[in-house]
Structure formats: C-alpha cells, structure tokens
Amino acid sequence: MIYEKLSNVYQEIEAISGSLEKTRILSEVLKEAGASEVGRVVALTMGKLHPDWMGEPEIGIAEKMAIQVVATAASTEERAVKKSLRETGDIGAVAELLLAESAQATLFAEELTITHVYETLDAVAKTTGKGSAKDKVARLVGLLSDASPVEAKYILRTLTGQLRLGIGDMGIIDALALAFVGEKEARKHIERAFNVCSDLARVAEVLAKDGLDSLKIIQASVGRPIRMMAAKKLSEPVEIIEKAGPEVLVEYKYDGERVQVHKNGEDVVLFSRRQEQITEQYPDVVDLVRRQIEADTCILEGECIAIDPTTGGTRPFQELMRRRRKTDIDRMSEEVPVAIRFFDILFHEGEDVTALPMAERRKLLESVVQRSERVSLTIGEVTKEPERLMEVFREAIDSGHEGVIAKAVHEGSAYQAGSRSWLWIKLKASYQEGMADSVDLVVVGAIHGRGKRAGLYGAILASAYDEDSDTFPTVCKIGTGFTDEMLVELKERLDRQTIGTKSPKVLSDVEADVWFSPAEVIEVLGDEMTISPTHSAGRGRLEGGGLAIRFPRFTGRWREDKDPKQATTVEDLIEIYERQRGRGQ
C-alpha cells in the first residue's frame with residue numbers, strides 16, 4: 001500500500017468529529033491493506049511501532065531535530081520553519097506547507113510504501129551512539145525527499161507524537177471488526193485477544209491472515225504481559241455485596257506497586273501496570289520468586305510494598321518509587337527493601353487459568369506460593385456480611401493499609417483482562433468523605449505562581465482520558481492544598497514535560513501559561529462532580545456542559561505506575577456524576 005493512501009485517510013479522519021464515521025473510514029483502508037501490512041498500518045495509526053513491554057526503542061524526536069529535518073528537506077532556513085511553527089503550532093502542517101513550496105517536492109520522488117515508512121521510522125528509533133543525531137536527520141530527510149506534502153505532514157506528526165486523529169485503541173479495534181468480520185459485534189473477540197497478548201498490531205495481522213477463529217484461540221503466554229484487570233469503586237459495603245455477591249473475597253489493598261510476575265524456570269520477568277519491564281528495578285523480588293514460587297511456568301499478580309527493615313512495617317508508595325532509579329540498584333534494595341503480596345494467578349504450568357472463578361484461582365495461588373515474611377498472599381477472607389466487610393476495612397486501615405478490595409467468587413468471576421469490572425470493587429479510606437472517589441488525572445498545563453509562589457506554579461490544569469477520541473479533556477484547575485515541598489516537586493517534575501504549545505490531544509477552554517505533554521498522572525480528591533461550562537470532559541454527552549471537580553486537591557501521590565491512558569476516563573467521571581446524582585435524589 002502507498003503511504004499517501006494512508007495519509008489521505010488520516011486527513012479525512014481528522015476532519016470528522018463523529019467516532020462512528022472515523023471508524024468506518026479507517027476500516028476501509030485496513031481492508032485494502034495487504035495482510036502483511038495491516039499490523040504496520042495499525043502500529044502507525046497508534047503512533048507506536050512496538051508495544052512497551054518489548055523494550056524496543058520507540059519513535060519520537062525532539063522539536064529541535066524536527067525543525068532541522070523540515071528545513072533541510074524543504075531547502076529553507078531553520079528560522080523560517082520556527083516562524084511557521086510559532087504561527088501554526090503544528091510541525092506537520094509546517095512540513096506540508098514548506099514542501100509544497102519546494103521544487104524538491106515533485107522532482108525525482110519515488111512512491112513511499114507503508115512498509116518503507118515503517119521500516120525507516122523503526123531504523124531511526126534504533127539509531128544510537130556517536131553521530132546518531134546526524135544519521136537520524138539524514139534518514140528522515142531522505143524519507144521526506146520522496147514524500148508528498150500530505151505524507152510529510154503525517155510523517156512529522158507521527159515522529160513528534162501528534163497525529164491528531166481522535167481515534168484510540170478501542171476505535172482501531174472497532175475498525176478491525178468492521179474490516180475483517182463485517183460487524184462491530186466481533187470486537188469482543190478482538191479486544192479479548194488484545195488484552196491477552198498486549199499487541200494490537202499482532203492481533204490485526206492474525207485477523208487479516210487467518211480470520212476471527214484464529215484470534216479466539218490466542219491464549220496467555222509467559223513473557224507477554226496480560227493487560228491488567230481493574231476495579232470499580234464504591235463507598236457503601238451493602239452496595240458492594242449487592243454488586244459482587246452474594247459472597248465476596250475481601251482483601252487488604254496495599255499502598256504499593258502492582259506487578260505482573262512471569263516465571264519460566266529460572267527466568268523471571270516483572271511487568272508494571274504500564275506494561276514496562278521493571279525486572280532490573282526489583283532484583284530481590286526476582287530472587288524471591290525463584291526460591292518461593294513452586295511452579296515451573298506461571299504468571300502471577302501481586303503488590304510490591306516497601307518495608308521498614310527495623311520494624312517490619314510498611315512504608316509509603318513514594319518511598320517505593322525510589323526504586324525507580326536506574327543506578328545504585330543494590331544500594332536502593334538495601335535502603336528500601338520490599339515484600340510482595342500475591343493476589344492472583346493467570347497462567348499455570350502451560351495453561352491459561354484466567355477463565356477459572358476467583359475462588360479456584362485463589363486456591364491454586366495458595367498451592368504455588370511458599371510463604372515467608374517477604375512473600376505471601378494478600379490478607380483476605382470470604383464474607384457475605386456488609387458489617388464484616390466494614391470490619392475488615394477498618395482492620396486494614398488500622399494496620400496502615402489503603403483499604404480493601406472486594407472480589408466476586410461466584411462461577412462467573414473470571415479474570416477479565418483489560419477491563420474495569422464490578423467483579424472487583426475498591427473501598428478506600430478516602431472514599432468515606434467528600435467525593436466518593438479519588439481520581440487519577442493527567443497534568444496538562446500550569447499557571448505561573450505569584451507572590452510567595454513566584455518562580456513556581458500557582459495552579460495546575462488536569463485532564464481525564466477520553467478513550468473514544470484518544471484525547472485529554474480538562475476536568476479541573478488545582479490551586480490549593482499544596483505544601484511548599486509539593487510546589488517545588490511539581491516544578492521539577494513538570495518542567496521535563498514542557499512543550500511550546502498546547503498538545504493537540506488536550507481539549508481545554510482554559511488558557512495555561514505553560515503546557516505539558518500529557519505524561520504525569522496524579523491522584524486528586526474533591527468534594528463533588530459538577531456540570532461546568534468551562535471544562536470539556538464529557539461535553540456533548542451531558543446537558544449543560546462538561547464535568548468539573550468541585551474543590552479539587554492533590555493528595556501528594558504521583559501515579560508513576562500509571563500510563564496517561566490508564567488515568568480516570570471520561571466514562572468513569574460520568575458514572576461518578578450519575579451515581580452522585582442518584583444519591584442526592
């Protein structure tokens with residue numbers, strides 16, 4: 001397939017606001033692609049050549065290099081590129097404009113194929129070492145010399161992570177269902193395969209080559225992370241029992257980092273919630289798994305918690321995050337020792353066990369974990385009494401933990417990979433007052449501080465994630481509740497994500513002094529959800545405007561374990577708002 005075909009489709013999708021029409025248009029180009037190209041079309045449309053868990057270098061160049069590439073390819077000066085970029089805020093549009101004016105855009109150009117563009121971008125991503133910057137520029141200029149103006153626009157947007165299509169993973173899954181099955185109802189099988197193998201490009205290739213039946217037999221395998229199941233949140237024990245009962249397993253919720261442990265003989269790999277390999281971060285956990293997990297091959301999930309070596313008690317999540325350092329791992333292992341509390345098993349001795357009920361998975365888990373102070377199962381018990389659920393919750397809080405998770409144990413309580421389900425429900429201390437839920441939001445902008453806050457940020461602008469449009473609409477501006485230490489940390493962390501103009505993925509009517517790439521996730525509490533004419537989260541789905549959090553406050557917790565796309569979604573916010581309205585009526 002010629003890349004210009006895909007570029008024209010991108011242009012068409014970008015101009016349309018309706019998600020159904022975007023999906024239909026994408027499905028048509030997927031249908032036209034060759035079976036060997038479909039995966040690459042999907043990868044380019046996601047803006048990600050390889051899944052994170054593979055540990056491969058990813059595409060992405062700095063603005064400075066992008067300017068240099070465009071200037072060289074268009075035979076113009078860098079200052080002309082910078083001027084156009086200031087006016088448009090879109091390096092892709094700048095490339096399109098300047099290459100259209102350049103004679104080089106039409107002379108001696110060869111048609112670009114999907115495969116050539118993919119392989120060139122992959123080669124650029126993997127170019128490292130002395131002279132690599134010069135080599136990257138040369139490769140990209142060579143690519144642009146064969147590109148039409150519209151191709152240049154989307155190549156540069158892909159390189160800088162700003163495709164602006166407004167179509168996320170679920171939209172791509174819908175498009176695959178339409179293209180190769182002819183109906184969106186097939187999406188559940190495609191989504192299941194994606195959740196199990198965590199590689200949407202591979203899923204697309206299997207579907208295109210071998211059909212839907214081949215997707216249905218894709219199973220979990222050691223070494224490929226399974227997309228993690230998530231819990232809903234409620235504040236009333238009676239309601240929790242009604243939703244997940246008649247009986248529930250009530251487990252302590254630990255203040256740690258969730259890890260997925262893959263064991264194949266002596267080989268142990270650890271994955272984070274973001275599906276990044278974090279094996280090197282926890283060499284002590286690797287040793288514990290080798291010694292105390294009595295299975296040759298398995299996939300387990302657990303919570304890694306920091307422990308105090310003198311008292312044996314647990315330490316806060318932020319202490320654990322000191323283990324994220326890439327150097328001094330051995331020293332950090334001594335300073336911040338960890339324990340692991342396992343709560344699920346997904347694969348055992350060659351078999352995918354996610355379809356087993358929770359009660360059976362728990363028994364299997366008990367049989368493979370050789371317990372000690374550092375390794376054990378989560379504390380938990382089965383009950384059908386709301387009063388007992390609340391007692392366990394208080395015991396967890398009194399022991400210094402976050403709260404509890406209640407899990408269904410009936411016959412239908414399978415592990416639902418990649419889903420946020422009523423089979424698992426959180427009850428945490430913070431939900432007992434104010435807004436029923438804490439939310440995890442993405443920081444997208446900031447307002448300069450004044451007076452005592454001069455030189456720091458006086459307020460930050462935070463967004464939820466919209467899965468349908470793959471965007472980050474704002475939901476609140478947070479300006480109170482910061483300690484001096486928080487303000488300093490905010491500045492240090494956020495300045496690494498500064499960009500010149502608002503990200504095209506951020507939807508905001510509020511003007512910020514500084515804009516950030518949607519990257520950092522924070523935990524936020526508030527009094528209630530309200531309809532707002534100012535904020536854009538949920539706009540178009542609710543009467544009167546979007547949703548906003550009233551009196552939002554940062555808890556001080558950075559969700560380093562979460563990818564921005566794992567932040568609280570717009571659908572989550574709408575659900576919170578509807579439940580809140582129901583309680584008030």
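Read-outs throughout are calculated quantities, based only on the coordinates presented, and are distinct from any laboratory measurement. Quick caveat, the model's predicted, so the values are computed rather than measured. Cβ atoms come from the backbone with ideal geometry, glycine included; neighbour counts cover every protein chain shown.
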message: Over 30 Å between Cα atoms: which of 253/452; 126/188; 82/505; 232/502 fall into that group?
response: 253/452; 126/188; 232/502
statement: Interchain or sequence-distant (5+) residues whose placed amide H lies within less than 5 Å of the amide H of residue 347 are 299, 353
query: Rounded to the nearest 5, what % of the DSSP beta bridges within the chain are antiparallel ones?
result: 85
Amide proton proximity set for residue 403, modelled H, under 5 Å, gap of 5+: 253
- line: Under the Karplus relation with 6.51, -1.76 and 1.60 and θ = phi - 60°, whole-Hz ³J(HN,Hα) for the range 480-489, x at Gly and Pro, equal 10, x, 8, 7, 4, 5, 4, 5, 5, 5
query: Given a cut-off of under 8 Å on Cα pairs at least six residues apart, what relative contact order in percent is computed for the range 439-584?
result: 28
query: Of 64/136; 136/565; 48/209; 83/136; 243/426, which pairs sit farther than 18 Å apart, going by alpha carbon to alpha carbon?
result: 136/565; 48/209; 83/136
task: Could you go through the range 192-202 in sequence order and give the Karplus-derived ³J(HN,Hα) for each residue, using 6.51 cos²θ - 1.76 cosθ + 1.60 with θ = phi - 60°, rounded to whole Hz, and x for Gly and Pro?
output: 4, 4, 5, 5, 7, 9, 6, 8, 5, 5, 5
query: In the set (1) 32.1; (2) 37.3; (3) 27.9, which value of mean projected area of the Cα convex hull in nm² was calculated from the structure you see?
result: (3)
message: Per-residue counts of other Cβ atoms within 10 Å, averaged by peptide: what ranking do you get for 141-154, 507-520, highest first?
response: 141-154, 507-520
task: With unit charges on the beta carbon (Lys/Arg positive, Asp/Glu negative), name the residue among 140, 156, 449 whose Cα is farthest towards the positive pole of the charge dipole of the chain.
output: 449
message: Per DSSP helix of 4 or more residues, -39500 (n - 2.57); summed, then divided by the residues of the chain. What does that give at 222 nm, rounded to the nearest 500?
response: -11500 deg cm²/dmol
query: Using a cut-off of 15 Å between alpha-carbon atoms, which aspartates and glutamates can reach residue 491, once sequence neighbours fewer than 8 places away in the same chain are excluded?
result: 513, 520
- line: Residue-ordered couplings for the range 143-150, obtained by feeding phi - 60° into the Karplus form 6.51 cos²θ - 1.76 cosθ + 1.60 and rounding to whole Hz (Gly and Pro as x), are 5, 5, 5, 9, 8, 6, x, 5
- line: Here the percent of antiparallel bridges among DSSP beta bridges lying wholly in the range 439-584, to the nearest 5, is 85
message: Charges on Cβ only, +1 for Lys and Arg, -1 for Asp and Glu, centred on the Cα centroid of the chain; of 555, 112, 299, which one is farthest towards the dipole's positive end?
response: 555
